[in-house]
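To start, the structure under review is shown below, and the notes come after it.
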Amino acid sequence: MLRIAVPNKGSLSGPAAEMLHEAGYQQRRESKELRIVDPTNEVEFFYLRPRDIAIYVASGQLDIGLTGRDLLIDSGADAEEILALGFARSTFRYAGKPGTISGLADLAGKTVATSYEGIVAAHLTDNGIDASVVHLDGAVETAIQLGVAQVIADVVETGTSLRNAGLEVVGEPIMQSEAVVIRRTGADGDDPKVQQFLRRLQGVLVARTYVMMDYDCRVEQLEKAVALTPGLESPTVSPLHNEGWVAVRAMVPAKEAQRIMDDLYDIGARAILTTAIHACRL
């Protein structure tokens, strides 16, 4: 069986389980379950701390895992990203008291508090900055107030927590993170079970990104309509009973669907419909 690590809690857990369910895999019914077997799909899921997943995958005991890019890099584990999943996006940045630090060079000689020591130490080294890094588990915003550090490095979403702590972001982002699928570095990239798993997740990503659009238009407007809805290879075009009219079907980006519907209506298309895509293979 394919052995897969899944986050057991935190911001990664719910969306990961939802995506796996959409991909056709059985998921646990209770949060206390740490292992389940999906015999139909020949997969065994292990629910682990997100921070530990890269370590388990790198050991070779598990084939692949779902975790955060930030957690993968911070672990220093011998594992690699093979697919970005598009959820749990975050930006990792430095922050300090207003007016005390203007850029990365000002971190020299300072102490940086963070929950991601591996990421920060590597970033400072890569940029030739000689600074100390102190590891804290959570609530790093208070480190400056309590005199533990002059700078913090943490995940920044809206920036509200930083502002409430009297801090501001400094310099460019350290990295952009999101949920990813990982495997042991050097593992067989052609493993058919892994490839099938990735195709299923890619199908979910596409299904979430696109909608199916159907509409009727006159033949003389068909080229303009197809230019608006080119589809992936090309749209499906079928003649209607009424002469001079055709029915068109194509996949379109979900975020652009309303604009495309407006443009189609303006050139004379009618009966314009969109439907969700629940699964696909490209």
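The values are calculated or read from the model by the stated rules, or taken from the named source; none is laboratory data. As the structure is a computational prediction, the values presented were derived from the model and not from experiment. Cβ sites come from the backbone with ideal geometry, for glycine too, and all protein chains shown count toward neighbours. Surface accessibility is based on the protein's heavy atoms, side chains included, excluding ligands, DNA and RNA. Shrake-Rupley method; radii C 1.70, N 1.55, O 1.52, S 1.80 Å.
A few comments on the model shown:
- For the pair Glu256 and Lys32, a Förster radius of 35 Å applied to the C-beta separation gives a FRET efficiency near 0.25, rounded to the nearest 0.05.
- Given their separation in residues at 0.36 nm each and the Cα-Cα distance between them, Thr236 and Arg218 gain 5.0 nm when the chain is fully extended.
- Cα gyration tensor shape for region 108-158, rounded if a/c is under 1.5, else prolate or oblate: oblate
- Choice from Glu30, Glu117, Glu178 with maximal GNM fluctuation in the chain (Cα, 10 Å cutoff): Glu30
- Modelled label reach - Asn127, point 7 Å along Cα→Cβ, region 69-93 residues with backbone N closer than 11 Å: 93
- Expressed as a whole percent, the accessible area of region 204-276 that falls on carbon and sulfur atoms is 53 (1.4 Å probe).
- Long-range tail of P(r) for region 84-137 (Cα pairs > 16 Å, %): 46
- For region 88-229, dividing the convex hull volume of the Cα atoms by the residue count gives 215 Å³ per residue.
- Packing-based order for 106-114, 138-146, 240-248, using average beta carbon neighbours within 10 Å, highest first: 106-114, 138-146, 240-248
- Size of region 13-83 as Cα extents on the principal axes (Å, biggest first): 33, 24, 22
- Amide N of region 1-17 lying under 12 Å from the label point, which is placed 7 angstrom from the Cα of Glu44 along Cα→Cβ: 1-5
- In angstrom, the C-alpha Rg and Dmax of region 160-224 are 22.5, 63.
- Pair-distance distribution P(r) for region 169-263, from all Cα-Cα distances in 5 Å bins starting at 0: 3, 10, 15, 14, 11, 10, 10, 10, 8, 5, 3, 1, 0 percent.
- Debye-formula intensities of the chain, expressed as log10 I(q)/I(0) at q = 0.07, 0.11 Å⁻¹, are -0.40, -0.80 (one equal scatterer per alpha-carbon, no solvent).
- Between helix 192-209 and the chain: long-axis angle, C-alpha atoms, 0 to 90°, nearest 10: 70
- Modelled label positions at Ala139 and Asn164, each set 7 Å beyond Cα in the direction of Cβ, lie 1.2 nm from each other.
- Projected label distance in nm at Arg281 and Glu172, using a 7 Å step from Cα toward the beta-carbon: 4.2
- Added length on full extension, which subtracts the Cα-Cα distance from 0.36 nm per residue, Phe87 to Leu273: 64.2 nm
- Kirkwood hydrodynamic radius computed over region 26-172 comes to 17.2 Å, based on all pairs of distinct alpha carbons.
- Global form of region 235-278, assessed from the alpha-carbon gyration tensor, a/c cut-off 1.5: oblate
- Highest mean packing first, where packing is the average number of other Cβ atoms within 10 Å per residue, the peptides 275-281, 228-234 line up as 228-234, 275-281.
- Whether region 3-42 is rounded, prolate or oblate, judged on the alpha carbon gyration tensor where a/c under 1.5 counts as rounded: oblate
- Take the chain with all the other protein chains still there, run a 1.4 Å probe, and you get 53 Å² of accessible area per residue.
- Folded to 0 to 90 degrees: helix 117-126 orientation relative to the chain principal axis, Cα: 90
- Entry note, the chain: relative contact order of 19 percent, from Cα contacts under 8 Å with a spacing of 6+ residues.
- Each Lys and Arg adds +1 at its Cβ and each Asp and Glu adds -1 at its Cβ; summed about the Cα centre, the chain shows a dipole of about 560 debye.
- Long-range amide H partners of Ile174 with built H, under 5 Å: Phe92, Arg93, Tyr94
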